Amino acid sequence: MYQEFKSFLKNELNNIEQAGLYKNERIISSPQGALIKVADGKEVLNFCANNYLGLSNHLALKNAAKQALDTHGYGVSSVRFICGTQDIHKQLEASIANFFGTEDSILYAACFDANGGVFEPLLNEEDAILSDALNHASIIDGVRLCKAQRYRYANADMVDLEAQLIKAQAQRFRLIVTDGVFSMDGNVAPLDKIYALAEKYNAMVMVDESHSAGVVGTTGRGVTERFKLRGKIEIITGTLGKAFGGAIGGFTTGKKEIIDLLRQRSRPYLFSNSIPPMVAAAGIKMFEMMEETNELQIKLHANTAYFVERMKAIGFDIKPTESAICAVMLYDAKLSQEMATRLLDEGIYVIGFYFPVVPKDQARIRVQISAAHETEHLDKCIKAFTKVGKELNLIQ
Ligand SMILES: *Cc1c(COP(=O)(O)O)cnc(C)c1O
């Protein structure tokens, strides 16, 4: 059998390559940071990590992880409900709820699992899920696993959401689900308007704060802080794998009864291993740091404003952003790849995105700003964009 299957696979792989969609992985030989070393020994400035707060290689988190290795061991070799719950897992769940102003939290191996395991236990064919068209793949997959009726609305389009809510009135329960920040444009979901529509049409709301937690809002509490809706949203999901240290781990946080039922019925929670003690302990430490100060958010917001203002002044077309994601619009797919390659030659690591990751003729370079970036890093990046932009006749 495998001979036949092998030629089928080879053909598939060929098609991916022919379409110019083959993903090659660049190898990094240093910790994640503003400055990284790539495999050939070259040092480049990193503008494509989700390391928004610069915590991926933070000393305090590494020390907390090392300490937990001694006090709690390397792994727990169990799911939570058998013997995989340590004191620090409960502490981390409390820290998450405290951070978001919610009632309780439940940990998963990743946010992909949190989203995969949130819908099916809560809703059935009598219910409705109203999902933003640009929601993350894990939300789409999670919705697929659930029998609820599906209604899709155009990205952040409140007219469309209202129309879908009207259609969904026959269903028993309605849940609107949205990313907090959309990863390709950096735009924030209009949660104030979503919440108002939810009130008007008797629906619940779920927000995935993966790209917004730690980033959006004066103190980084995410879009619920930004729109003064702390404690009002039924379900929040998020990751420990982006701003919050970048290791691994996901969570769902929100109303107590929802979390209670997920603990009983959510399959990625019931049938998958607990997160390592090191990750739990470093997570607790990270949330302690967030309680003490919001200096990282202050720096991140200042860095983003600095970058966007200067890039616009130079003549680049940047999508309006309310996050640390800056989409430098080039529209042309080939141009985006050429630009990314030339920027890497200049020591700036960024990624060009094009169809089908973004709509056709909407190719762009996505720049991700971090609190780990110093002004000199931002200046070097802007200088490189200016040089390459002139070479490619994008700016004067
Ligand atoms: C990154 C991301 C995820 C997945 O998070 P992991 O913890 O890496 O699985 C889920 N949802 C959104 C919106 C994301 O951006």
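Numerical summary
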read-out	value
Test: residue in segment 171-188 that is without any contact (Cβ under 8 Å) to a residue 40 or more places away in the chain, assigned to a loop (DSSP other than H, G, I, E, B) and of a type outside the set (A, V, I, L, M, F, W, C)	no
Search result, residues across segment 143-182 that are buried (at least 19 other Cβ atoms within 10 Å of the Cβ) and either charged (D, E, K, R) or near the ligand (Cβ under 10 Å from one of its atoms) (or both)	Arg174, Thr178, Asp179, Gly180, Val181, Phe182
Residues that are acidic (Asp, Glu) and over 16 Å from Val177 (Cβ atoms), drawn from segment 195-241	Glu199, Glu225
Of residues in segment 248-280 being surrounded by fewer than 19 Cβ atoms within 10 Å (Cβ to Cβ) and in contact with a Pro (Cβ under 9 Å, 6 or more places away or on another chain), the one nearest to Gly73 (Cα to Cα)	Ile248
Pairs where the first residue, in segment 270-288, is charged (D, E, K, R) and the second is surrounded by 21 or more Cβ atoms within 10 Å (Cβ to Cβ), C-beta under 7 Å, 6+ apart	Lys285/Leu61; Lys285/Ala64
Verdict on Ile348 being among the hydrophobic types (A, V, I, L, M, F, W, C) and in contact with a Cys (Cβ under 8 Å, 6 or more places away or on another chain)	yes
Some residue of segment 252-261 being at pLDDT 95 or above, within 16 Å of the ligand (Cβ to nearest atom), of a type in the set (Gly, Ala, Ser) and in contact with a strand residue (DSSP E or B) (Cβ under 9 Å, 6 or more places away or on another chain)	yes
Residue in segment 73-87 that is within 16 Å of the ligand (Cβ to nearest atom) and either touching a residue at least 60 places away in the same chain (Cβ under 8 Å) or in contact with a Pro (Cβ under 9 Å, 6 or more places away or on another chain) (or both) present	no
Boolean, Ala213 is more than 12 Å from the chain's Cα centre (by Cα), small (Gly, Ala, Ser) and within 15 Å of the ligand (Cβ to nearest atom)	no
Residue identified as assigned to a loop (DSSP other than H, G, I, E, B), touching a Cys at 6+ places or on another chain (Cβ under 8 Å) and either away from the ligand (no atom under 16 Å from the Cβ) or within 30 Å of Asp160 (Cα to Cα) (or both) among Glu126, Glu120	Glu120
Residue list for segment 191-204, restricted to those being more than 16 Å from the ligand (Cβ to nearest atom) and either within 27 Å of Ala324 (Cβ to Cβ) or not in a strand (DSSP E or B) (or both)	Asp192, Lys193, Tyr195, Ala196, Leu197, Ala198, Glu199, Lys200, Tyr201, Asn202, Ala203
Residues of segment 216-247 satisfying the condition of being more than 16 Å from the ligand (Cβ to nearest atom), within 18 Å of Val188 (Cβ to Cβ), in a loop (DSSP other than H, G, I, E, B) and not small (Gly, Ala, Ser)	Thr218, Thr219, Arg221, Phe227, Lys228, Leu229, Arg230, Lys232
Some residue of segment 332-351 being farther than 11 Å from Phe47 by Cα, in contact with a helix residue (DSSP H, G or I) (Cβ under 8 Å, 6 or more places away or on another chain) and of a type in the set (Gly, Ala, Ser)	no
Test result for Met329, within 26 Å of Leu53 (Cα to Cα), in contact with a Lys or Arg (Cβ under 6 Å, 6 or more places away or on another chain) and in contact (Cβ under 8 Å) with a residue 12 or more places away in the chain	yes
Residue list for segment 95-113, restricted to those being among the acidic types (Asp, Glu) and within 16 Å of the ligand (Cβ to nearest atom)	Asp113
Residue within segment 248-261 that is touching a residue at least 40 places away in the same chain (Cβ under 8 Å), in a loop (DSSP other than H, G, I, E, B) and in contact with a Leu (Cβ under 9 Å, 6 or more places away or on another chain) present	yes
Unmet criterion (only one of (1) surrounded by fewer than 21 Cβ atoms within 10 Å (Cβ to Cβ); (2) more than 12 Å from the ligand (Cβ to nearest atom)) for Met286	(1)
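The values are calculated or read from the model by the stated rules, or taken from the named source; none is laboratory data. What you see is a predicted model, and the numbers here were worked out from it, not measured in a lab. Backbone-built Cβ (ideal geometry, glycine too); neighbour counts: all protein chains shown.
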